[in-house]
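Since the structure comes first, as structure tokens, the remarks are kept for the end.
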Amino acid sequence: MHIRKATYDDLVAIKDIFIAAKDKMKKDGNLKQWEKIDYPFCYTKEDIDKGQCFVIENDKKELVATFVYIVGIDPTYNYIEGKWLNDHPYGTIHRIASNGKEPHIFEEVLKYINSFHIDTRIDTHSDNLRMKHLIKKNGFTYCGTIYVRDGTPREAYQKVSR
């Protein structure tokens, strides 16, 4: 698989990926995360403009996943009910989604961002059992609760770069 920065040419595929991911979350019982009809796609152009939206292509050059990776201070994480493991430089994974056609997407993202050699932070909805499993399985530590743009709570995790 190959990871690259997203472009406007990828918008239709990204939207389809989000639709597939939202359907999977609903089937998993995660009904409240990404419940707004245009979320998270509504932020994609902004993320592309900032150079922080990425896509994953399989060996056939088909887009199978997308994610946002922000290097540096993420305002969403300035306030936490709990405590971050440290205040080292970090990158944040947001809006990770897959169309379900390729396995191990989360691990591919982690391999890619490990090249930055900084801590990683991520959050997810309490009902997103699949993502919580992947986060914990890959060595993240639960740090507390943060609140996203719309004011809803998310479980926040951090992985220290070694």
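Derivation of every value follows stated rules applied to the coordinates shown; laboratory data play no part. As the structure is a prediction and not an experimental result, all values here were calculated from the model. Note that we place each Cβ from the backbone using ideal geometry, even for glycine, and neighbour counts take in every protein chain shown.
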Roughly speaking, what is the stretch gain from residue 11 to residue 62, that is 0.36 nm per residue apart minus the C-alpha to C-alpha distance, in nm to one decimal?
17.0 nm
In the chain, whole DSSP H helices that both stretch 18 Å or further along their axis by alpha carbon positions and average at least 0.0 on the Kyte-Doolittle scale are 11-27
Among 22/45; 83/132; 111/159; 5/26; 45/159, which pairs are too far apart, with a Cα-Cα distance over 21 Å?
5/26; 45/159
In what sequence, highest mean first, do 150-157, 81-88 appear when ranked by Cβ atoms within 10 angstrom?
150-157, 81-88
Run the numbers on the stretch 21-162 and let me know its relative contact order in percent, using alpha-carbon pairs under 8 Å that are six or more apart.
24 percent
Using a Gaussian network model of the chain whose springs link C-alpha atoms within less than 10 Å, name the residue from 145, 92, 76 with the highest mean-square fluctuation.
76
Comparing 116, 18, 140 in a Gaussian network model of the chain (Cα, 10 Å), the one with the largest mean-square fluctuation is 116
For the chain, built as a Gaussian network whose Cα springs stay under 10 Å, the top-fluctuating residue of 97, 65, 13
13
Only bridges whose two residues both fall in the chain count here: according to DSSP, what percent of them are antiparallel, nearest 5?
90 percent
So for the chain, taking the charge dipole from beta-carbon charges (+1 Lys/Arg, -1 Asp/Glu), which of 113, 144, 48 sits furthest toward the positive end?
144
Per DSSP H run of n ≥ 4, the term is -39500 (n - 2.57); total these for the chain, divide by its residue number, and report the mean residue ellipticity at 222 nm rounded to 500 deg cm²/dmol.
-7500 deg cm²/dmol
For a test of the definition: using alpha carbon positions, the gyration tensor, and the 1.5 limit on a/c, classify the stretch 38-97 as rounded, prolate or oblate.
prolate
In nm, to one decimal, how far is the residue 115 label point from the residue 102 one, both placed 7 Å along Cα→Cβ?
1.4 nm
